[in-house]
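Following: one structure in structure tokens, then a few remarks.
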């Protein structure tokens, strides 16, 4: 019987040196903040693959755990099900190097169990920095940790002192190492392939789900992961989200000549995400789409030029707004945001600026967040300039790394209006 070998022998992996670098950084944070330990909440998997997953930064494992890191000791992972233990056993059996020892893995993320572990590890009277119940836009404006979990921990460890250090932790982890950048580039390369597959699948008479399926297949066939992309189409489509047929029982729309297919592609490898913004014009489209595409491309170029060491995030946002003002564009979503982790959001001046919006009970702009944040090499951002002229929208962009002189672009296909 022939023994097959993996076609992905060149896929990047993390070394134990990367593990030690991360744990050392966390200890440096505790030293600077006067902490005895960190308590880090990780959101459940199955949400691409988790909306908030700082736990995996410590474990290099499945998301959904609560990590306790006592200062100058090894991390403890409290996992949600015994299946995680079974996976850990299988990994060791397969010769894979795990980051955590079995003795530091507990099952049961209930707050009462976490509290008992804190007591058992002599942290009942400690000063503990918490990551997970603070402001984390755009997913968790009020924090990710469930209320019952947090209340149980606080009530069952009454003598401990807890402090939110989520923003300090995000700043600590935003600058990527060389190993992390290699993983990010792999994700970006697969995302590029996904955009190409969508381009090749788009034609009059093709239903939206076939374009969607082409992207999904391409991600998984090329050793990356996604569970959802945003997609809509039409000659005047102004929505922004997953296709309605993914959450409402209805048939997909069929593409027609004169449409523009708008999408946001999410791609992940090793828990590092890249984003891609393909806009596909089908045949001859309205001239307003061309004007919107020119503005979006100019905004993208301005963002890349501004995404350099020494600038602030606010400098990038302001640079990206200028071309939008020139064509009096409004926006369906933010222009730029940080990734890996999220937390910085740059919005335009006119969100959801349609006459119909006045009928709704309450509509207000997502605020720009983090304008004073200093850019450092190795930070990663999604540039997603979107220009709407009337009801005609073009969205462009990809993933860019902060560089010394200008941003380092990881993508090309989706940074221009695609024509088929």
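A short reminder: the numbers here are calculations on the coordinates, not readings from a lab. From a predicted model like this one, the values you see are computed outputs, not experimental measurements. Here Cβ is always computed from backbone atoms with ideal geometry, including for glycine, and neighbour counts include all displayed protein chains.
Worth a mention:
- Every pair of different Cα atoms in the stretch 212-268 enters the Kirkwood calculation, which places the hydrodynamic radius at 12.3 Å.
- From least to most packed, judged by other beta carbons within 10 angstrom and beginning with the fewest, 140, 360 follow the order 360, 140.
- Rounded tilt (10° steps) of 82-93 against the dominant C-alpha axis of the chain: 90
- Proxy reagent accessibility, fewest Cβ within 10 Å first, across 269, 135: 135, 269
- Stokes-Einstein diffusion for the stretch 1-96 at 4 °C, viscosity 1.567 mPa s, with a Kirkwood radius from C-alpha pairs, works out to 85 µm²/s.
- DSSP bridge analysis restricted to the stretch 178-419 gives an antiparallel fraction near 90%, rounded to the nearest 5.
- Candidates 166, 64, 34: whichever shows maximal mean-square fluctuation once the chain is modelled as a Gaussian network with Cα springs under 10 Å: 34
- Degrees between helix 208-221 axis and first principal axis of the chain (Cα, 0 to 90, nearest 10): 40
- 222 nm mean residue ellipticity, helices alone, for the chain (DSSP H n ≥ 4; -39,500 (n - 2.57); rounded to 500): -10500 deg cm²/dmol
- Distant alpha-carbon pairs in the stretch 16-174 (separation over 28 angstrom), percent: 14
- The per residue volume of the convex hull around the alpha-carbon atoms of the stretch 278-322 is 66 Å³.
- Measuring nothing but how far apart in sequence close Cα pairs (under 8 Å, 6+ apart) lie, relative to its length, the stretch 178-419 scores a relative contact order of 22 percent.
- Over the chain, the Kirkwood radius and the radius of gyration, each from Cα atoms, give a ratio Rg/Rh of 0.99.
- Convex hull of the stretch 178-419 built on C-alpha atoms - directionally averaged projected area, nm²: 12.6
- Over the chain, Cα pairs under 8 Å with separation of 6+ residues give a relative contact order of 14 percent.
- Part-to-part distance (alpha-carbon centres) for the stretch 64-113 and the stretch 170-215, which is given in Å: 30
- Relative packing of peptides 11-18, 145-152 - highest average C-beta neighbours within 10 Å first: 145-152, 11-18
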